[in-house]
Amino acid sequence: MKGAMTALFLREWRIARRIGGGASTGAVFFLILVAIMPFAIGPDLNLLGRIGPAILWIAALLSTLLGLDRLFQGEDEDGSLDLLVNARLPLEIVVLVKCAAHWTTSALPLVVVSPLFGLMLALDARALGLVAASLLVGTPALTMIGAIGAALTVSLRRGGLLMAVLVLPLTIPVLIFGVAAASAASGGAAPFLMPFLVLCALSLATIAGAPFAAAAALRLARD
Amino acid sequence: MWSLANPTVFLALAQRALPGLAAATAALFAVGLWLSFTAPPDYQQGETVRIMYLHVPAAWLSSFIYGVMTLAALGTLVWRHPLADAAQKAAAPLGAGFTFICLATGSLWGKPMWGTYWVWDARLTSVLVLFIIYLGLIALWRTIEDARRAARAAAILTLVGAVDLPIIKFSVDWWNTLHQPASVFRLGGPTIAPELLWPLLIMSLAFTLLFVTLHVMAIRNEILRRRVARLTMIAAAQGDSLAPQLAAGAAKG
């Protein structure tokens with residue numbers, strides 16, 4: 001079982017690398033989202049510094065969603081999803097491994113570059129660290145919740161928009177606690193530790209629960 | 001519950017129950033509306049307090065209907081009840097409608113009381129999210145063509161949303177809230193004056209009965225719609241010159 005999991009994980013990595021621009025497109029999208037905010041809000045550095053953590057979190061939320069609609073669609077199109085569903089490896093584990101691979105190829109780069117973009121939004125050093133830390137523990141929850149949406153819309157040709165409509169309301173708690181933790185440095189209302197721990201709890205809970213929902217959705221798309 | 005699994009039994013029962021339900025709803029609404037307009041105005045809010053008699057029942061139904069849909073989703077996924085998906089599909093637009101009434105009346109009530117139509121307050125925001133979840137469910141129903149698969153996808157999403165709704169509710173409680181806390185169902189009895197409470201309870205009952213009536217009618221319509229679809233398919237197959245060969249091929253294979 002461990003061998004199968006490793007093989008699946010490596011396969012996902014290889015596909016993400018060869019398909020071109022998986023991680024880098026996500027990061028560029030992240031950059032563009034951050035870059036258009038000052039155009040809309042105005043280049044006032046004080047204001048940007050205050051709402052910077054929120055901008056980074058919304059940008060991360062949207063760029064995480066961007067790649068997720070393809071999470072199972074490629075497999076559904078070329079038929080390998082049938083093999084995965086019928087494999088000896090439980091489908092829940094398959095979902096978990098695919099999400100882990102997707103997270104490391106698309107969300108982790110965002111976490112890595114977020115301090116750089118935070119710098120452009122005039123965040124101070126402590127805020128940069130807090131934003132990166134909150135994104136690091138919060139994005140797994142976004143990926144797992146998104147996987148449910150991706151599994152529900154797997155067989156739809158134009159499922160991307162519908163998936164966003166289905167998934168975004170469910171990500172609100174993650175967003176609230178993520179921004180609360182990230183903005184603790186720049187004079188946020190709450191202290192850092194409590195929202196941060198709730199964020200960890202949300203990630204752990206979705207990692208434990210979401211694979212079952214996503215696997216159930218994938219199975220029903222088969223029959 | 002299981003005797004209702006037969007659509008014909010359900011239709012017969014609905015046929016018998018609906019006139020009574022509709023009459024009871026109308027009677028309760030007559031009494032409730034009369035009481036709402038004759039109840040004394042609030043000592044602080046004046047006449048605007050009458051919006052409460054629409055707002056609070058709609059708010060109660062907006063979460064009650066989600067509870068009904070969660071039960072129906074369990075019925076689809078766990079107990080495989082044949083009518084559960086029809087019940088769930090029928091409830092989603094009703095839930096969206098009552099949630100919209102709740103948001104609209106609350107907004108109209110907020111203008112004279114708070115001085116603004118909308119604030120990003122905890123309660124308002126979580127009801128808005130509930131409204132969006134209803135709309136997402138309706139969109140999912142409409143997008144997946146195969147009714148059986150749409151039913152199960154919507155059921156999974158309903159259950160996920162049911163897990164998430166309390167989290168949304170409590171997470172937005174972190175924000176400083178303008179909306180008043182619960183005043184009817186609370187420990188130590190209601191804090192609301194009895195002459196205002198009675199019309200409210202009757203209106204809540206009237207709204208609930210209205211939902212039950214509309215829900216039964218919608219389930220009936222859904223069953224009939226499925227029958228029409230199936231009969232149309234059969235008729236089309238009979239008119240189709242290839243259909244007998246296909247049927248023979250299917251029988252052979």
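From the residues in the range B:144-158 that are surrounded by 19 or more Cβ atoms within 10 Å (Cβ to Cβ) and at the interface with chain A (Cβ under 8 Å from one of its Cβ atoms), which one is nearest to B:Ala86 (Cα to Cα)? Restricting to residues being surrounded by 19 or more Cβ atoms within 10 Å (Cβ to Cβ) and at the interface with chain A (Cβ under 8 Å from one of its Cβ atoms), the top hit is B:Arg152.
Of all residues in the range A:77-91, which are part of a helix (DSSP H, G or I), in contact (Cβ under 8 Å) with a residue 12 or more places away in the chain and surrounded by fewer than 16 Cβ atoms within 10 Å (Cβ to Cβ)? Passing the criteria: only A:Asp82. Does the range A:49-70 contain at least one residue that is of a type in the set (S, T, N, Q), over 30 Å from A:Val179 (Cβ atoms) and out of contact with any His (no Cβ under 8 Å at 6 or more places or on another chain)? Among the residues of the range A:49-70, not one is of a type in the set (S, T, N, Q), over 30 Å from A:Val179 (Cβ atoms) and out of contact with any His (no Cβ under 8 Å at 6 or more places or on another chain), which makes the answer no. What pairs come up if the first residue lies in the range A:165-188 and is closer than 26 Å to A:Gly149 by Cα and polar (S, T, N, Q), the second is buried (at least 24 other Cβ atoms within 10 Å of the Cβ) and at pLDDT 85 or above, and their beta carbons are under 6 Å apart, counting only those six or more places apart or on different chains? Pairs that qualify, where the first residue is closer than 26 Å to A:Gly149 by Cα and polar (S, T, N, Q) and the partner is buried (at least 24 other Cβ atoms within 10 Å of the Cβ) and at pLDDT 85 or above, are A:Thr171/A:Leu142; A:Thr171/A:Ile145. Restricting attention to the range A:25-55, the residues being of a type outside the set (A, V, I, L, M, F, W, C) and loosely packed, with under 11 Cβ neighbours inside 10 Å number 3. The criterion of at least 3 residues that are within 14 Å of chain B (Cβ to nearest Cβ) and over 18 Å from B:Thr158 (Cβ atoms) is met by the following helices (runs of 4 or more DSSP H) wholly inside the range A:107-174: A:125-152, A:159-167. Would you confirm, using the coordinates I've provided, whether A:Ala180 is assigned to a helix (DSSP H, G or I), within 18 Å of A:Ala127 (Cβ to Cβ) and either at the interface with another protein chain (Cβ under 9 Å from one of its Cβ atoms) or modelled with pLDDT of 90 or more (or both)? So A:Ala180 fits the description; yes.
Only one of the numbered conditions (1) farther than 19 Å from A:Phe212 by Cα; (2) modelled with pLDDT under 85; (3) surrounded by fewer than 21 Cβ atoms within 10 Å (Cβ to Cβ); (4) touching a Phe, Trp or Tyr at 6+ places or on another chain (Cβ under 8 Å) is not met by B:Leu165, and that is (1).
Looking only at the range A:183-221, residues that are more than 10 Å from chain B (Cβ to nearest Cβ), at pLDDT below 85 and outside any loop (DSSP other than H, G, I, E, B) come to 1 in all.
Quick grid of which residues meet (1) touching a residue at least 60 places away in the same chain (Cβ under 8 Å); (2) assigned to a helix (DSSP H, G or I); (3) buried (at least 16 other Cβ atoms within 10 Å of the Cβ):
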site: A:Met5; (1), (2), (3): yes, yes, no
site: A:Leu8; (1), (2), (3): yes, yes, yes
site: A:Ser63; (1), (2), (3): no, yes, yes
site: A:Val97; (1), (2), (3): yes, yes, yes
site: A:His102; (1), (2), (3): yes, yes, yes
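Residue count for the range A:34-92 under the criterion of being farther than 30 Å from A:Ala125 by Cα and among the basic types (Lys, Arg): the result is 2. On inspection, A:Thr104 qualifies as within 23 Å of A:Phe196 (Cβ to Cβ) and more than 11 Å from chain B (Cβ to nearest Cβ). Within 28 Å of A:Gly3 (Cα to Cα), within 14 Å of chain B (Cβ to nearest Cβ) and in contact with a helix residue (DSSP H, G or I) (Cβ under 9 Å, 6 or more places away or on another chain): does that describe A:Ile93? Against the criterion (within 28 Å of A:Gly3 (Cα to Cα), within 14 Å of chain B (Cβ to nearest Cβ) and in contact with a helix residue (DSSP H, G or I) (Cβ under 9 Å, 6 or more places away or on another chain)), A:Ile93 does not qualify.
The values are calculated or read from the model by the stated rules, or taken from the named source; none is laboratory data. In this text, all values refer to a predicted model and were calculated from it rather than measured experimentally. Cβ coordinates were reconstructed from backbone atoms using ideal geometry, including for glycine residues, and neighbour counts include every protein chain displayed.
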